[in-house]
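Structure first, commentary second.
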Amino acid sequence: MERLKRLSGKVFGSEFVRFAAVGVIATAVHYGLYLLLKLFVGVNMAYTIGYLVSLGCNFVLTAKFTFRTGVSALRGTGFALSHAVNYCLHILLLNLFLKLGVPSGIAPVPVYCIAVPVNFLLVRTVFRKLR
């Protein structure tokens, strides 16, 4: 039983490291598009477009690299739903930080710090529980 706990902890830890690597890529795409698009559209629209563009790449990398599973309609639906919750958290926090006076260029940074761990738990549930 003790060995199973150690193994489970190692799997969880290595998944989180891979999740973080994929997250860096998805976040870079999202943040880069946000910074570019906010020059042309409002911050909420720029944030949303960046989020959606990074979502597709994120799903494939998460399935294949992070959790080493396949891409399926059930996982895709679960992933989309978990990201719908995550998106709402992002927009809520973004607007909260903007209202608190955080400049729009760096407001996404604290959002990521809060939302990423929450997202990991949601996505992990999707890829580990939905077969």
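Results, tabulated for the structure shown:
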item: In the stretch 12-26, the residues that are of a type outside the set (A, V, I, L, M, F, W, C) and touching a residue at least 24 places away in the same chain (Cβ under 8 Å); result: E15, R18, G23
item: Any pair with Cβ under 6 angstrom, 6 or more apart, that starts in the stretch 27-45 at a residue that is over 16 Å from P103 (Cβ atoms) and ends at one that is of a type in the set (A, V, I, L, M); result: L33/V53; L37/A46; L37/I49
item: Pairs where the first residue, in the stretch 64-78, is over 14 Å from L122 (Cβ atoms) and the second is not in a helix (DSSP H, G or I), C-beta under 7 Å, 6+ apart; result: L74/L130
item: Qualifying helices (runs of 4 or more DSSP H) (wholly inside the stretch 1-111; at least 1 residues being of a type in the set (K, R)); result: 2-37, 73-99
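So that you can scan it fast, the table gives a plain yes or no per residue for (1) of a type in the set (K, R); (2) under 13 Å from the mean Cα position of the chain (by Cα); (3) exposed (fewer than 13 other Cβ atoms within 10 Å of the Cβ):
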site	(1), (2), (3)
V43	no, no, no
V53	no, yes, no
G76	no, no, no
C88	no, yes, yes
L98	no, no, no
G105	no, no, yes
P110	no, no, no
C113	no, yes, yes
F127	no, no, no
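Just so you know, all these numbers are worked out from the coordinates, no wet-lab data involved. Only a predicted model underlies this, so the values are computations on that prediction, with no experimental measurement involved. Cβ atoms come from the backbone with ideal geometry, glycine included; neighbour counts cover every protein chain shown.
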